[in-house]
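Below: one structure, written as structure tokens.
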Amino acid sequence: MAARPLVSVYNEKNEAVGTQVKLPAVYRTGIRPDIVSFIHDQIRKNKRQPYAVSTAAGHQTSAESWGTGRAVARCFWNMCRGGRMFAPTKTYRRWHRKVNVAQRRHAISSAIAASGVPALIQARGHVIDQLAEVPLVFTDKIESFKKTKEAVGFLQRVNLWADIEKVYNSKRYRAGKGKVATVVTSKSWAQWFSTTMMEVLCVHSATSLA
């Protein structure tokens, strides 16, 4: 958790405005990676699209049965050639996962608290060496950005552009035969922003940065 009780406020030019704000109590929440990982896994399952094989798969054949008395396979079992799969997938599988409200709130609070610890941020590979402080608080002026070049200039002034370049440089060719029938390249999408910056920069002006 962040130990400093006060944080400085900066303007869009990365200049301290001279005021300090009290660090929200959420940053003093205990950090529980196990809860964050579990809740993230459960919530992520709620957006899955149901899939299943055809109910007639493995049973579609024009052959006629010879009956008994011949040494041939005459069934649709999963071990037979051309037969159905074992336990065909169904669309009524339990896709959704119930998430307790208290656990979800604890996970969100814990994740926000972890975003205020520089060591944990750097452990995830983010480049924050040149930042003035963590967490970094800005005035509401950045909410007026409408163009991507404004967001790029802002990120360069506050020394966050190095983290964006890290994502650009992570582009690589996918290993194996996955290059044949799918997307050839892949790159990291992990970018570290605070709550307000994520809402403003990603939604309004930084949609083309990635």
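Laboratory data are not the source of any read-out in this text; all were calculated from the coordinates shown. Worth saying up front: this structure is predicted, and the values here are computed from it rather than measured. Please note: Cβ atoms are built from the backbone with ideal geometry, for glycine as well, and neighbour counts cover all protein chains shown.
What trypsin sites (Lys or Arg not before Pro) does region 28-62 have in DSSP loop regions with at most 14 other beta carbons within 10 Å?
In loop regions of region 28-62 (DSSP not H, G, I, E or B), the sparsely surrounded trypsin sites (Lys or Arg not before Pro) are 48.
Between residue 101 and residue 130, what's the calculated FRET efficiency when r is the beta-carbon distance and R0 is 30 Å? Round to 0.05.
Details: r = 39 Å, r/R0 = 1.30.
My answer for the efficiency is 0.15.
Do you know the relative contact order of region 23-96, to the nearest whole percent, from alpha carbon pairs under 8 angstrom that are 6+ apart?
35
In Å and whole numbers, how far do the C-alpha atoms of region 1-160 stretch along each principal axis, longest first?
94, 37, 26
Apply 1/(1 + (r/R0)^6) to the Cβ-Cβ distance of residue 172 and residue 38, taking R0 = 22 Å, and write down the FRET efficiency to the nearest 0.05.
On the way: r = 30 Å, r/R0 = 1.36.
That gives a FRET efficiency of 0.15.
Whole-Å semi-axes of region 8-99's equivalent ellipsoid, largest first, each the root of 5 times a Cα gyration tensor eigenvalue?
Those come to 63, 15, 10 Å.
How high is the FRET efficiency between residue 20 and residue 46 when r is their beta carbon distance and R₀ equals 30 Å, given to the nearest 0.05?
It comes to 0.15.
If N is the number of residues in region 13-56, what value comes out of its Cα radius of gyration divided by 2.2 N^0.38 Å?
Rg over 2.2 N^0.38 Å, computed on Cα atoms: 2.33.
Whole-Hz Karplus ³J(HN,Hα) for region 48-54, in order, using 6.51 cos²θ - 1.76 cosθ + 1.60 and θ = phi - 60°, x for Gly and Pro?
Ordered by residue, 3J(HN,Hα) equals 6, 9, x, 9, 6, 7, 5 Hz.
Cα centroids of region 46-118 and region 124-142: how far apart, whole angstrom?
43
Which of 31, 107, 69 sits farthest toward the positive end of the charge dipole of region 1-112, with +1 on the Cβ of Lys and Arg and -1 on the Cβ of Asp and Glu?
With unit charges placed on the Cβ atoms, the residue in question is 69.
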